[in-house]
Amino acid sequence: MKNKIEAKFDIVHNTHLSRVINPSVNKNNTTGVRGVYYHRHMRAYCAEIRFQRKRYHLGYYEHLNDAATARKTAENRLHGEFLDWYYETYPEQRKNHMRQLRKA
């Protein structure tokens, strides 16, 4: 059973569902890629992903495209496995989420 905060923000197993289902780039993101930023001291792009209250460092990359690819691969692996489990456990939610995606 979800508590009030989890229900309000659609949180399951420490995962904010709307951020997994419909990820968007923050307005102050300078690279244009979610989870990728330029590390000034390393002079490289850093890729990371946060999932279920854990931060995963994916590495430093010379090119933005390489960092973006690393981020997307990790996102597909982590979020994909989670969404497979979630929709199997809560099949009625798939329709709601698909409806939300069509509106966005």
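The values are calculated or read from the model by the stated rules, or taken from the named source; none is laboratory data. In this text the structure is predicted, and so the values were computed from the model without any measurement. Positions of Cβ are generated from backbone atoms using ideal geometry, with glycine treated the same way; all protein chains shown enter the neighbour counts.
Kindly check whether there is at least one residue in region 4-27 that is surrounded by 10 or more Cβ atoms within 10 Å (Cβ to Cβ) and at pLDDT 85 or above. No; the residues of region 4-27 include none that is surrounded by 10 or more Cβ atoms within 10 Å (Cβ to Cβ) and at pLDDT 85 or above. The set of residues in region 37-69 being of a type outside the set (D, E, K, R), within 12 Å of the chain's Cα centre (by Cα) and outside any loop (DSSP other than H, G, I, E, B) consists of Ile49, Phe51, Tyr56.
State yes or no: is Glu75 in a helix (DSSP H, G or I), closer than 19 Å to Ser24 by Cα and modelled with pLDDT under 95? The answer is yes for Glu75.
Note on region 28-57: among residues that are polar (S, T, N, Q) and at pLDDT below 90, the one that is surrounded by the fewest Cβ atoms within 10 Å (Cβ to Cβ) is Asn28.
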